[in-house]
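**Student:** Got a structure here, written out as structure tokens. Questions coming.
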Amino acid sequence: MQLHLRFIEVAKQNAKKIAIRDQALGKDLTYERLLLASLILSKIFRKYKGQYLGIMIPVSAGCMLSVIGSLMAGKIPVMINYATGARENSIYAQEKCSFKTIITSKKLLAKLKVEPIDGMIYLEDIMASIKLGNKLGALVKSKFSAGIIKASVHHGSEEETSVILFTSGSEKEPKAVQLTHKNIMHNIINIPKIIEIMENDIFIGFLPLFHIFGLTTNFWLPLLLGCEIVTHPNPLEYKAIVDSIIKYKVTILIGTPTFMYGYLKKAKPQELSSIKYAIAGADKLPEKLRNAYLKEHGIEVLEGYGATETSPVISVNVPGAVKPGSVGKPLPGVQVKILDRETDKELSAGEEGKIVVKGDLVSKGYLGDLEETSLHVHNGWYFTGDMGVLDEDGYLWHRGRLKRFVKVGGEMISLVKVEGILNQLLPEEVICCVVDVPNPTKGADIVAAVTTGEIDKKKIIKLMRKVLPAIAIPKEFYVIEDIPLMGSGKVAFREVEQLCRDMQENGNPPTI
């Protein structure tokens, strides 16, 4: 079933229940109100030309309504990243997908100090222009049965594209990922099979919807299960989000390790006691963060693994069956194989190689890019570009991006492994990132970027030598107080690498 059609069913079943507590607006919206507003917007969106409709709005009822309204109108929402260059990303999306109209917000552009581009329409102006007749017409329609309402909006195949999302661009130019209704619905159907989510559960929604992690787990998953979502437009508002968790007795927290560390710092011991599930993804979960949540709040953080192209969840640890350090077992209906990095031969349990994935969660490919699609998707198998191991019990162990392995002196070194060990040795509040820079004789040198110079470098290197070969020890420690992050909370490796290269070429880099 298509996502918006399932939403209509859920909204009719839970009419008077709170769907969204929008912290930016200071308003609570019931499922009934959400359905009414989405029907109003769908009628307006139908008038816009073209198949695609850009959406650039922070996490809010407005953003969620725009997505639902687009689908009801037969449009495909194109989610635009405003965190890493709103203007540039808007133009890139328009050119890549050949469309013009972008729904955005005056408040957002003012906050970002970004001048509007041709094709931008403000959500505030749309809402102000709605006439009484539009409201009454939608109100009458919203009172009909789910079947009649579904027949009045766009309805088609679950194989249709439900959204265009762009890859992070942390390593190369962003690609336009086409995710179908079936892709996202796979996660929504199968996650509750392994993690018990009830209608009375309350989600905290702060992950941006221009990333699949946020779109699925902070929006479609809770909404289509009839749950409540407390939305915050900025994941970095750590104190405000902690206050909301306490105030609304949030039960499900899903986020990246970077953001979850921020909430940990702002919460006093046991203040997060309402949370029954905390799930981390999009980046490696540091052991010290997992231990801190367990010690201070009695919460076992469940680490998972996914990708934009897999809608996103591939695997996740589940309550009562956690293997710390692993990313859990694959979801029901998901096949995972490990292939030799050179020959593509399938490997046995315990052998490290390339992770490939198959199932209804796999994207149909990249819009307008047959070459990249053919490189990543073969006979339904998605080549993730990640390295990993499947153990004897079927748990997946993520070893990092294939591109985050570097050849030093003829040996392959995992930057993720070096980073993990360094993370354990650094003080809790220090963020680090390990990258490689060119070396004319060895091919590459491994260097570390850290957020402060106030660390004992000699002691750390001495301890690293006990567990790593000499060629894997960082040759320099560059101080970058604000390590660049993607909107999702992931480290922007390309930017960090370039900063380190600039410092290296400068001849007088701020090292410790």
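**Student:** Starting from the Kirkwood Rh over alpha-carbon pairs, what translational D in µm² s⁻¹ does the stretch 409-506 have by Stokes-Einstein at 20 °C and 1.002 mPa s?
**Tutor:** Values: Rh = 13.8 Å.
Answer, rounded: 155 µm²/s.
**Student:** So how do V67, V140, V377 line up by other beta-carbon neighbours within 10 Å, fewest first?
**Tutor:** The fewest-first ordering by Cβ neighbours comes to V140, V377, V67.
**Student:** Which pairs, out of K141/K364; K141/K182; K288/K458, put more than 25 Å between their alpha-carbon atoms?
**Tutor:** Exceeds cut-off: K141/K364; K141/K182.
**Student:** Let me ask something else. Working from the pairwise distances between different alpha carbons, so that the mean of 1/r is found and then inverted, what is the chain's Kirkwood radius in Å? Walk me through the numbers on the way to the answer.
**Tutor:** Numbers: mean 1/r = 0.0419 Å⁻¹.
Kirkwood hydrodynamic radius for the chain: 23.9 Å.
**Student:** Then there's this: For S105, which sequence-distant residues (separation of 5 or more, or a different chain) have an amide H within less than 5 Å of its own amide H, given hydrogens modelled in the peptide plane?
**Tutor:** L123
**Student:** Just the number, please: percent antiparallel of the DSSP beta bridges in the chain, rounded to the nearest 5.
**Tutor:** Details: 49 of 79 bridges.
Antiparallel bridges make up about 60 percent of those DSSP assigns within the chain.
**Student:** Moving on to the next point. Quickly rank 241-249, 462-470 as a protection proxy: mean count of other C-beta atoms within 10 Å, highest first.
**Tutor:** The most tightly packed comes first, giving 241-249, 462-470.
**Student:** Can you list the residues, at least 5 places off or on another chain, whose amide H is less than 5 Å from the amide H of Y382, using H built in the peptide plane?
**Tutor:** Residues meeting the amide H criterion: V357, K358.
**Student:** Taking K337 as the anchor, which aspartates and glutamates have their alpha carbon closer than 19 Å to its alpha carbon, excluding any fewer than eight residues away along the same chain?
**Tutor:** In chain and number order, the partners are E309, E346, E351, E352, D360, D386, D391, E392, D393.
**Student:** Assign unit charges at the C-beta atoms only (+1 for Lys and Arg, -1 for Asp and Glu), then state the dipole size of the chain relative to its Cα centre in Debye, rounded to the nearest 20.
**Tutor:** Details: 64 positive and 57 negative charges, 293 e Å.
Result for the chain is approximately 1400 debye, rounded to the nearest 20.
**Student:** Hey, can you grab everything whose amide H is under 5 Å from the amide H of D445? Only 5+ residues off in sequence or another chain; H modelled, so Pro and N-termini drop out.
**Tutor:** Those qualifying (amide H under 5 Å, at least 5 residues apart or on another chain) are V437, N439.
**Student:** Once you place label points 7 Å from the Cα toward the Cβ at V140 and H378, how far apart are they in nm?
**Tutor:** It works out to 5.8 nm between the two label points.
**Student:** Let me ask you something else. Restrict the search to the stretch 277-365; then list the trypsin sites (Lys or Arg not before Pro) that DSSP places in a loop and that have at most 12 other Cβ atoms within 10 Å of their Cβ. Don't skip to the end; give the middle numbers.
**Tutor:** Details: sites: K284, K288, R290, K295, K337, R341, K345, K354, K358, K364; in loops: K284, R341, K345, K364.
Here the sparse-neighbourhood loop sites are K345.
**Student:** Also, I was wondering about something else. Please rank K182, K49, fewest neighbouring Cβ atoms within 10 Å first, as an exposure proxy.
**Tutor:** K49, K182
**Student:** Which pairs in the list K284/K354; K323/K358; K16/K239; K49/K150 are over 25 Å apart, alpha-carbon to alpha-carbon?
**Tutor:** Beyond 25 Å: K16/K239.
**Student:** With r defined as the distance between the Cβ atoms of E124 and E237 and R0 fixed at 22 Å, what FRET efficiency is calculated, to the nearest 0.05?
**Tutor:** Plugging the Cβ-Cβ distance into 1/(1 + (r/R0)^6) gives 0.55.
**Student:** Taking only the C-alpha atoms, wrap a convex hull around the stretch 131-242 and report its volume per residue in Å³ as a whole number.
**Tutor:** Working: hull volume 20.8 nm³, N = 112.
Cα-based convex hull of the stretch 131-242, divided per residue, equals 186 Å³.
**Student:** For the stretch 324-415, build the charge dipole from Cβ charges (+1 Lys, Arg; -1 Asp, Glu) around the Cα centre, then report which of M387, V334, L415 sits farthest towards its positive end.
**Tutor:** L415
**Student:** Using the Karplus equation 6.51 cos²θ - 1.76 cosθ + 1.60 (θ = phi - 60°), what ³J(HN,Hα) coupling, rounded to whole Hz, does each residue of the stretch 301-316 give in order, writing x for Gly and Pro?
**Tutor:** Coupling constants for the stretch 301-316: 6, 8, 8, x, 8, x, 7, 4, 6, 10, 6, x, 6, 9, 8, 7 Hz.
**Student:** Residue by residue through the stretch 207-212, which ³J(HN,Hα) values in whole Hz follow from phi under the Karplus form 6.51 cos²θ - 1.76 cosθ + 1.60 (θ = phi - 60°), with glycine and proline marked x?
**Tutor:** Working through the residues one at a time gives 5, x, 7, 7, 10, 5 Hz.
**Student:** Further, regarding this structure: For the chain, what does the relative contact order come out to in percent, with C-alpha contacts under 8 Å and a separation of six or more?
**Tutor:** Relative contact order comes out at 11 percent.
**Student:** Cα centroid distance between the stretch 218-274 and the stretch 93-159, in Å?
**Tutor:** Taking the Cα centre of each part, the stretch 218-274 and the stretch 93-159 sit 27 Å apart.
**Student:** Could you check the spin-label model distance between N506 and E454? Points 7 Å from the Cα along Cα→Cβ, value in nm.
**Tutor:** So the two model labels end up 2.1 nm from each other.
**Student:** Please arrange F219, F383, F144, F493 by how many other C-beta atoms lie within 10 Å of their C-beta, fewest to most.
**Tutor:** F144, F383, F493, F219
**Student:** In a shell of Cβ-Cβ distance under 9 Å around E159, excluding E159 itself, what net charge do Lys and Arg (+1) and Asp and Glu (-1) give? Can you show the working numbers first?
**Tutor:** On the way: positive: K182, K364; negative: E158, E160.
Once all neighbours under 9 Å are counted, the net charge is 0.
Read-outs: derived from the displayed coordinates by stated rules, not from any lab. What you see is a predicted model; the values in this text were computed from it and never measured. Heads up, the Cβs are rebuilt from the backbone with ideal geometry, glycines too, and the neighbour counts pull from every protein chain shown.
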